[in-house]
Amino acid sequence: MKRMIAIAHEAGAVVDTHSDGAIREILPDLIAMGVRIINPVQWRCAGMEREGLKRDFGDRLVFEGGVDNQYTLPFGTVEDVRQEVRDNIRILGAGGGYLLGPCHNIQVVGPAENVVALYQTGYAEGWM
């Protein structure tokens, strides 16, 4: 992986990597290899609390995703989604370094209104 990241850097690319779940323990290694964007932020997993991630890694990583697609998007209310978007922007986006989106693919089990709320709220409140 380190060799592939180096090739990407040689081409002028910024490296965004995808790794699900509780990955806090390996974040220092990913950063050392040159990863600059981490996707997703599954903040409901152990050790992945947004405040701690931002505090400990926010000066070296951009966080991508973070709107929970296993609970909030499929089973939450529109207001639950809006609040989670606002929380993510406030916590992960403090000082920059956050790309709003779901923490993985949007599943078909949830209401379309929740997906619309995710992006409408992000558009309305996410400009920093």
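The values are calculated or read from the model by the stated rules, or taken from the named source; none is laboratory data. Since the model is a prediction, treat every value here as computed from it, not as a measurement. Backbone-built Cβ (ideal geometry, glycine too); neighbour counts: all protein chains shown.
Of the residues in segment 58-89, how many are touching a Pro at 6+ places or on another chain (Cβ under 8 Å), among the aliphatic types (A, V, I, L, M) and not in a helix (DSSP H, G or I)? Adding up the residues that qualify gives 1.
Once segment 62-80 is narrowed to residues that are charged (D, E, K, R) and more than 15 Å from D20 (Cβ to Cβ), the residue that is surrounded by the fewest Cβ atoms within 10 Å (Cβ to Cβ) is E79. Filtering segment 1-38 to residues that are under 20 Å from G96 (Cα atoms) and in a loop (DSSP other than H, G, I, E, B) leaves A13, V14, G34.
Would you be able to say whether some residue in segment 24-38 is under 20 Å from V85 (Cα atoms), buried (at least 18 other Cβ atoms within 10 Å of the Cβ) and at pLDDT 95 or above? Steps first, please.
Initial filter on segment 24-38 (under 20 Å from V85 (Cα atoms)): 37-38.
Within this subset, residues satisfying the condition of being buried (at least 18 other Cβ atoms within 10 Å of the Cβ) are 38.
Retained after the next criterion (residues that are at pLDDT 95 or above): 38.
Checking segment 24-38: at least one residue is under 20 Å from V85 (Cα atoms), buried (at least 18 other Cβ atoms within 10 Å of the Cβ) and at pLDDT 95 or above.
Close contacts from segment 15-26, counting a first residue that is among the hydrophobic types (A, V, I, L, M, F, W, C) and a second that is assigned to a strand (DSSP E or B), with Cβ to Cβ under 6 Å and a gap of 6+ residues or different chains, come to V15/V35; V15/R36.
Does G12 fit the bill of being among the small types (G, A, S), surrounded by fewer than 17 Cβ atoms within 10 Å (Cβ to Cβ), over 19 Å from G93 (Cα atoms) and at pLDDT 95 or above? Walk me through it before giving the result.
Details: among the small types (G, A, S): yes; surrounded by fewer than 17 Cβ atoms within 10 Å (Cβ to Cβ): yes; over 19 Å from G93 (Cα atoms): yes; at pLDDT 95 or above: yes.
In short, yes.
Search segment 107-128 for residues being part of a helix (DSSP H, G or I) and small (G, A, S), and hand back the single one that is surrounded by the most Cβ atoms within 10 Å (Cβ to Cβ). Checked segment 107-128; the qualifying residue surrounded by the most Cβ atoms within 10 Å (Cβ to Cβ) is A117. I'm trying to understand the selection: among the residues of segment 86-106, which are closer than 15 Å to Q42 by Cβ and either surrounded by fewer than 12 Cβ atoms within 10 Å (Cβ to Cβ) or among the charged types (D, E, K, R) (or both)? Within segment 86-106, D87, N105 qualify.
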